[in-house]
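The numbers here are math on the coordinates, done by the rules we state, and not lab data. Please read these numbers as outputs of a predicted model, since none were measured by experiment. Here the Cβ positions follow ideal geometry from the backbone for every residue, glycine too, while neighbour counts run over all protein chains shown.
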Amino acid sequence: MAATKTFGVDAIKEAISCGITAIGENRVQELMEKYPHLKGQVDFHFIGHLQTNKVKYIIDKVKLVHSLDREKLAEEIDKRAKQKGIIMDCLIEVNIGGEDTKFGISPEEMHNLVKKLEKYDNIKIKGLMTIAPYLPPEEVRPYFKRMRELFEDLKRINQRNVEAQYLSMGMSNDYWVAVEEGANIVRIGTAIFGERR
Ligand SMILES: *Cc1c(COP(=O)(O)O)cnc(C)c1O
């Protein structure tokens, strides 16, 4: 998945012509601006922190929300998805490094949150996402390993709205390590488009 924040529609179209089939935006406003120009040409993912009052703008535009991290957000996504007659695929965001600056639940909270989400029929829990600590690639490996274990735990949860399929981790700095540790979605920005301005 190409992480396209700050990059323009022309650059994104060029990436699509090179074979990119999914893009990730982390701000609702920016996604809304780009959407009309790219709709139908690529799948949109939402990868940033999502405020509940903005769910209504993206609910019918995105294929996968990577940043589900609290029940209140799930409740809102479920409500809006129901209104549109769709089931929203979501990943649970895990703050694997326990960093204050990052969103996401702690690994220990996963089972609890998943259980609380059982009642939301219009949400499907498709896997996990993390933004790992920014460290040299080899030092990130243990965090990715931990995510993989958590992902295996999720797969073992037998709940009707859980279908663990995606492990979203790895960025320009460390994507190959993430893939070695089991990522099946990597989110790449600068390694595709160059430095963000
Ligand atoms: C920007 C962003 C990326 C991509 O980061 P790069 O280092 O440019 O590859 C990945 N995930 C999220 C959530 C992002 O916001």
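Numbers below:
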| item | result |
| --- | --- |
| Phi-based couplings in Hz for the range 62-70 (Karplus 6.51, -1.76, 1.60; Gly and Pro marked x) | 9, 8, 8, 9, 8, 10, 6, 9, 7 |
| Relative exposure of HIS49, HIS66, judged by other C-beta atoms within 10 Å (fewest first) | HIS49, HIS66 |
| Selection from GLY85, VAL162, SER106 lying farthest towards where the dipole of the range 2-193 points positive, charges on Cβ | GLY85 |
| Cα Rg over Rh - the range 2-193, Kirkwood | 0.95 |
| 5 angstrom amide H check on ASN95, placed H, neighbours 5+ away | ILE105, SER106 |
| Residues whose placed amide H lies under 5 Å from that of MET88, excluding near-sequence neighbours | ILE123, LYS124 |
| Shape metrics for the range 66-131, restricted to C-alpha atoms - Rg then Dmax, Å | 11.9, 37 |
| The chain: most fluctuating residue of ARG148, ARG156, ARG27 per GNM, C-alpha cutoff 10 Å | ARG156 |
| The chain: calculated mean residue ellipticity at 222 nm from DSSP helix runs of at least 4, using -39500 (n - 2.57) | -10500 deg cm²/dmol |
| Per-residue Cβ neighbour rank within 10 angstrom, fewest leading, TYR134, TYR175, TYR120 | TYR134, TYR175, TYR120 |
| Ranking of GLU71, GLU76, GLU25, GLU108 by count of other Cβ atoms within 10 Å, fewest first | GLU108, GLU71, GLU76, GLU25 |
| Isotropically averaged projected area of the range 45-101, using the convex hull of Cα atoms (one quarter of hull area), nm² | 3.9 nm² |
| Part-to-part distance (alpha-carbon centres) for the range 23-95 and the range 135-177, which is given in Å | 20 Å |
